[in-house]
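So the structure is just underneath, and the comments pick up after that.
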Amino acid sequence: MIALLLRDLRLAVRAGGGFGLGLAFFRRERGGVPFGVGPETGLLSRIAPGVLWIGALLACLLSLDRILALDWEDGSLDLLATAPLPMEGIVTVKALAHWLTTGLPLVLAAPLLGVLLSLPPGGYLWVMVSLAVGTPALSVIGTFGAALTVGLKRGGLLLSLLVLPLYVPTLIFGAEVARRGAEGLAVETPLLMLGGVSAGVIALLPFASAAVLRINLR
């Protein structure tokens, strides 16, 4: 599992459009918000938590089709299916590699981008916490969508349509944690809900992804 993880991380760094693409989009999306809604500091401060979470969600979408498509194209996925490592372990490692190259950079960059969006000082920590708790769910759900669409021509658009509805609970609770934290309100309830969503997704979806991949590889 460690060897597979290191391989995927190296591929994400070497292959253009992997590592850093989501972070670059996240930054660009933040830069375009003032042009769309105006430079008023009060307005930017109110919408900053939701904007940051929407940006993180869209940034994750950019690289979902790369989770399994490259392995499918070069035949590596067939070899992995015959390896001693269970398919559930393979998809878990794929999701972890996607999070390390997409979700983790977003978590670390969120405070800086929050400054640019006039996020209240009390919100920096909670934006990071909400992204750290919620973005693993985005990667695991995205891996499930990638397993469903692997091998399909132009499956990227279908993948986005499939996973976007599944992302909605994570987006709602993640943005609510960030908003309440920025306003100095209690965050326990939405944070527990967000953690519950992530824990449930991480516990269940690797088995569903593995079952879908076995069907697609027959």
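The values are calculated or read from the model by the stated rules, or taken from the named source; none is laboratory data. Bear in mind that the values here come from a model prediction, so they are computed numbers and not experimental data. FYI the Cβ positions are ideal-geometry reconstructions off the backbone, even for glycines, and counts take in every protein chain you see. The area values use the complete protein model at the heavy-atom level, side chains included, leaving out ligands, DNA and RNA. Shrake-Rupley method; radii C 1.70, N 1.55, O 1.52, S 1.80 Å.
Numbers for the structure displayed
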| quantity | calculated |
| --- | --- |
| Answer residue from region 163-178, given it is over 13 Å from the mean Cα position of the chain (by Cα) and farther than 18 Å from Ala203 by Cβ and is surrounded by the most Cβ atoms within 10 Å (Cβ to Cβ) among those | Ala178 |
| Of all residues making up region 101-129, the number that are more than 21 Å from Val187 (Cα to Cα), modelled with pLDDT of 85 or more and open to solvent by 40 Å² or more (accessible area, probe 1.4 Å) | 1 |
| Residue under evaluation Ala95, criteria (1) surrounded by 22 or more Cβ atoms within 10 Å (Cβ to Cβ); (2) over 16 Å from Asp65 (Cα atoms); (3) modelled with pLDDT of 90 or more, criterion not met | (2) |
| Residues that are crowded, with 18+ Cβ neighbours inside 10 Å, part of a helix (DSSP H, G or I) and not small (Gly, Ala, Ser), drawn from region 179-196 | Arg179, Arg180, Pro190, Leu191, Leu194 |
| Residues of region 112-162 that turn out to be over 17 Å from the mean Cα position of the chain (by Cα) and of a type in the set (Phe, Trp, Tyr), as a count | 2 |
| Test result for Ala199, in a helix (DSSP H, G or I), hydrophobic (A, V, I, L, M, F, W, C), at pLDDT below 95 and out of contact with any strand residue (DSSP E or B) (no Cβ under 6 Å at 6 or more places or on another chain) | no |
